[in-house]
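Below is one structure, written out as structure tokens, with a few remarks after it.
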Amino acid sequence: MKPRPCGCKGCRTCLICETQYGAENLKTLLNLDKDKGYVYCPFCDKAWKGWDIESYKQHPHHEGDPVDIPGVYIKVDFITESEETEFMKHIQEVPWDVSQSGRRKQNFGPKTNFKKKKIVPGNFDGFPKFSQFLQDRFESVDLLKGYEVIEQCSLEYDPSKGASIDPHIDDCWIWGERVVTVNCTADSVLTMTPYKGGTNKYNLQCADEYAPVVTPDGTVDFNMKGASVLQASKPQVEKDVIIRIPLIRRSLTVLYGEARYHWEHCVLREDVPSYRVCIAYREFTLPYMDGGKHEEIGREIRRRGKQFWDHYTKYNITNGRCIE
């Protein structure tokens, strides 16, 4: 099926194509058992029985028995209110592209073909300078030691469009172990379910070809040997639960290890009650780093990823508007 005017295609739908383009019957229905829900608390690094995301604020007065979800890190108040205001002002000055499921995006990164596993720099020339302070601040987070951004993507979630994102695992051929998000303008929720499928999906088989960079205790080591990241992060105990991760306004969230490779994550439409923008960051897998079999193309893209440019000049912006 061809993409619809709203940007959706296939089983991906938004409120616009469901109401105006007859796509209601194409919508993917998720039958999530809320009785299996656990809410992750960023203050004690455990998930507690429940579905209402606000329950994490009960810390330290949780009730019941918690479950562990290795591979989740949240830094609250990663940016200040004034930084968020200034950052969002500039975000809105940059042109948006339509995306699926009611979202819009601004993507800065190399050109990738996930099916053919091919990557070229394309027109990638780095990132807008107004976002540089976020990448600079990554250096203050021990878990992000050596993190080199090679893709930055702004994702807009508008509740009037029924914005959401279906369950998925970020591609494992090209995007590395640490998946980073900075959450702006509103709180939301990342809903995580155990992945039960094969390794052909999401290029998961590629995660059997390189080692992890994060140890079980959260230390970063680019020279680890032994089991692949897919095997090293395999859950010791299978969990029949749903984990709800709070995406707190102005916070930094990092998924790695088990949470990155053995759980699908999604953002439910019901968890986008107000306008939200998240900034997603990706790094290379080890084969594209120094010493890897694809280090040459990786080095060129990493070089470009260290550049920052003025968005007013690039987009010919006058009085806050892009002049065509």
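The values are calculated or read from the model by the stated rules, or taken from the named source; none is laboratory data. Treat the numbers as computed from the prediction; the structure is a model and nothing was measured. We place every Cβ from the backbone using ideal geometry, glycine too, and count neighbours over all the protein chains shown.
Summed over region 242-282, the residues that are in a loop (DSSP other than H, G, I, E, B), of a type outside the set (A, V, I, L, M) and touching a helix residue (DSSP H, G or I) at 6+ places or on another chain (Cβ under 9 Å) give a count of 7.
Only one entry in K105, K89 is within 23 Å of F138 (Cα to Cα), touching a strand residue (DSSP E or B) at 6+ places or on another chain (Cβ under 6 Å), in the same structural domain as S233 (by TED's automatic domain parsing) and basic (K, R), namely K105. Has region 65-86 got at least one residue that is over 30 Å from Q132 (Cβ atoms), surrounded by 18 or more Cβ atoms within 10 Å (Cβ to Cβ), in contact (Cβ under 8 Å) with a residue 24 or more places away in the chain and hydroxyl-bearing (S, T, Y)? No, there is no match, as no residue in region 65-86 is over 30 Å from Q132 (Cβ atoms), surrounded by 18 or more Cβ atoms within 10 Å (Cβ to Cβ), in contact (Cβ under 8 Å) with a residue 24 or more places away in the chain and hydroxyl-bearing (S, T, Y).
For region 145-161, filtered to residues that are closer than 22 Å to L15 by Cβ and over 12 Å from the mean Cα position of the chain (by Cα), the residue that is surrounded by the fewest Cβ atoms within 10 Å (Cβ to Cβ) is S160. Scanning for something loosely packed, with under 15 Cβ neighbours inside 10 Å, without any contact (Cβ under 8 Å) to a residue 24 or more places away in the chain and in a loop (DSSP other than H, G, I, E, B), does region 94-111 turn up at least one residue? Checked region 94-111: no residue is loosely packed, with under 15 Cβ neighbours inside 10 Å, without any contact (Cβ under 8 Å) to a residue 24 or more places away in the chain and in a loop (DSSP other than H, G, I, E, B).
Screening I248 with (1) touching a residue at least 60 places away in the same chain (Cβ under 8 Å); (2) of a type outside the set (G, A, S); (3) touching a Leu at 6+ places or on another chain (Cβ under 9 Å) gives one miss only, at (3).
Yes or no, residue by residue, for (1) outside the structural domain of R250 (by TED's automatic domain parsing); (2) among the small types (G, A, S):
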| residue | (1), (2) |
| --- | --- |
| T13 | yes, no |
| E18 | yes, no |
| E24 | yes, no |
| W51 | no, no |
| E54 | no, no |
| G64 | no, yes |
| F78 | no, no |
| S82 | no, yes |
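Of all the residues in region 209-229, those that are surrounded by 17 or more Cβ atoms within 10 Å (Cβ to Cβ) and closer than 25 Å to P66 by Cα number 1. If you go through region 223-241 one residue at a time, do you hit one that is without any contact (Cβ under 8 Å) to a residue 24 or more places away in the chain, within 25 Å of K111 (Cα to Cα) and in a helix (DSSP H, G or I)? The answer is no, given that none of the residues of region 223-241 is without any contact (Cβ under 8 Å) to a residue 24 or more places away in the chain, within 25 Å of K111 (Cα to Cα) and in a helix (DSSP H, G or I). Determine, yes or no, whether D97 is closer than 20 Å to T181 by Cα, under 18 Å from the mean Cα position of the chain (by Cα) and of a type in the set (D, E). Yes: the conditions hold for D97. Within region 227-261, the set of residues being over 19 Å from Y147 (Cβ atoms) and among the basic types (K, R) comprises K234, K239, R244, R249, R250. The set of residues in region 1-42 that are assigned to a loop (DSSP other than H, G, I, E, B), in contact (Cβ under 8 Å) with a residue 40 or more places away in the chain and in contact with a Gly (Cβ under 7 Å, 6 or more places away or on another chain) contains only C14. Filter region 173-208 down to the residues that are surrounded by 17 or more Cβ atoms within 10 Å (Cβ to Cβ), outside any strand (DSSP E or B) and more than 13 Å from the chain's Cα centre (by Cα) and list them by number. Result: W173, I174, T185, A186, D187, Y195, Y202, N203, L204, C206, A207.
Scanning region 283-305 for residues that are over 20 Å from V94 (Cβ atoms) and either charged (D, E, K, R) or not assigned by TED's automatic domain parsing to the domain that holds V213 (or both) turns up E283, D290, K293, E295, E296, R299, E300, R302, R303. Scanning region 262-301 for residues that are more than 30 Å from T28 (Cα to Cα) and aromatic (F, W, Y) returns F284, Y288.
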